[in-house]
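Since every read-out is calculated from the coordinates, none of them should be taken as a lab result. Since we're looking at a predicted model, the values are computed, not measured. Ideal geometry is used to build each Cβ from the backbone, glycine not excepted, and the neighbour counts take in all protein chains shown.
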Amino acid sequence: MKKTIGLVLWLLAFLIPFRYAILDTDDVVLESGRADNTMGLISFVAMLALLFIGYWLVDSSKQSADSHGH
């Protein structure tokens, strides 16, 4: 069950749009010339969190199957 949830989280992490994070930097420049990329920061942090939580869930599901203590 943990492995399935982890894989779903990985899928969600890669479905987050990276448009504001890395691709369209012209859209984040305000009229004053200042860049405001809050949406890119939020999407990047959400992607990282989903990747690490998914990895933790997949990795912990392997440990319960292999209880050899290695």
In nanometres, the difference between 0.36 nm per residue of separation and the alpha-carbon distance of LEU15 and ASP36 is 5.3 nm
With R₀ set to 22 angstrom, the calculated FRET efficiency between the beta-carbons of THR4 and PHE44, to the nearest 0.05, is 0.30
